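The values are calculated or read from the model by the stated rules, or taken from the named source; none is laboratory data. Here the structure is a predicted model, which is why all the values come from computation and not from measurement. Methodologically, a virtual Cβ is constructed for each residue, glycine included, from the backbone with ideal geometry; neighbour enumeration extends over all protein chains shown. The accessibility values were calculated without ligands, DNA or RNA, using every heavy atom of the protein model including side chains. Shrake-Rupley method; radii C 1.70, N 1.55, O 1.52, S 1.80 Å.
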Amino acid sequence: MRTVLMDLQGTLGGDPVGDITDFEFYPNVLKGLKLLQDENYRLVIVTNQSKISKNIITISNYEAKKSELLKEAKENGIDNLEFYCCPHSKSDGCTCRKPNIGLFDEANKIKKIDIEKSYMIGDMGMFDMVFAHNIGLRKILVLTGVGEGSLKEFRHTWQDIETDYIAEDFFEAAIWIKENSSEIG
């Protein structure tokens with residue numbers, strides 16, 4: 001299945017190094033999600049939420065905010081948004097924390113993802129772009145969140161990886177996918 005995987009914070013909204021509890025969608029993100037849904041893409045959010053393992057927020061806090069965001073998406077005509085969350089910190093040594101591919105594996109078990117026709121959109125090179133590279137997905141870096149820093153002072157953390165596209169924001173990334181998806185079938 002054609003899928004767009006995407007980071008949450010810094011990509012779709014919120015504080016890129018914060019947590020989900022104070023998340024709000026950036027302008028035009030819901031419009032971009034609707035555009036991708038209308039193009040028959042499965043929409044999958046993959047998010048590291050290490051503040052859960054650090055007891056800064058609880059799973060209940062996460063689930064409550066996720067429910068609010070799904071409700072807001074549904075009110076905007078988006079009914080196929082999925083969330084996959086890694087609650088661990090780096091020291092936990094899990095396989096689900098991006099750039100590891102455990103969240104992809106989890107989503108892939110539910111509905112088979114066609115890697116050749118799928119994308120990853122994120123703002124953090126060392127997590128999101130490396131995650132996409134590890135899977136073989138097309139990579140779109142957005143300049144929101146820490147995207148600018150990923151291209152400049154933190155480029156060394158993912159220096160051997162090239163993006164397929166660099167977008168100003170999520171909406172521009174969605175338009176680019178729509179315009180370029182016919183090239184890959």
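In the chain, the calculated helix contribution to ellipticity at 222 nm averages -9000 deg cm²/dmol per residue, counting -39,500 (n - 2.57) for every DSSP H run with n ≥ 4.
Note on Gln159/Ser182: beta-carbon distance plugged into 1/(1 + (r/R0)^6) with R0 of 22 Å gives a FRET efficiency of 0.10. Average accessible surface for region 101-185: 48 Å² per residue, computed with a 1.4 Å probe over protein heavy atoms with every protein chain in place. Taking all pairs of distinct Cα atoms, average 1/r, flip it, and tell me the Kirkwood hydrodynamic radius of the chain in Å to one decimal place. In the chain this quantity evaluates to 16.2 Å. Peptide packing: for 56-67, 39-50, 98-109, the average count of neighbouring Cβ atoms within 10 Å per residue gives the ranking 39-50, 98-109, 56-67, highest mean first.
Element breakdown for the chain at a 1.4 angstrom probe: carbon and sulfur atoms account for 48% of the accessible area. At a Cβ-Cβ separation cutoff of 4.7 angstrom, cysteine residues of the chain with no neighbouring cysteine are Cys85, Cys94. FRET efficiency for the Glu168 to Leu70 pair, using the beta carbon distance and R₀ = 30 Å, is estimated at 0.70.
Provide the FRET efficiency to the nearest 0.05 for the Lys152-Thr21 pair, computing r from the beta carbons and using R0 = 35 Å. Don't jump to the answer; show the numbers that get you there.
Working: r = 29 Å, r/R0 = 0.83.
Calculated value: 0.75.
Placing a pseudo-label 7 Å from each Cα along the Cα-to-Cβ vector at Glu82 and Lys112 gives an inter-label distance of 1.4 nm.
Computed over region 1-113, relative contact order equals 28 percent, with contacts defined as Cα pairs under 8 Å that lie 6+ residues apart. Pairs from the table (Lys31/Lys54; Lys109/Lys152; Lys112/Lys139) lying more than 28 angstrom apart at Cα are Lys31/Lys54; Lys109/Lys152.
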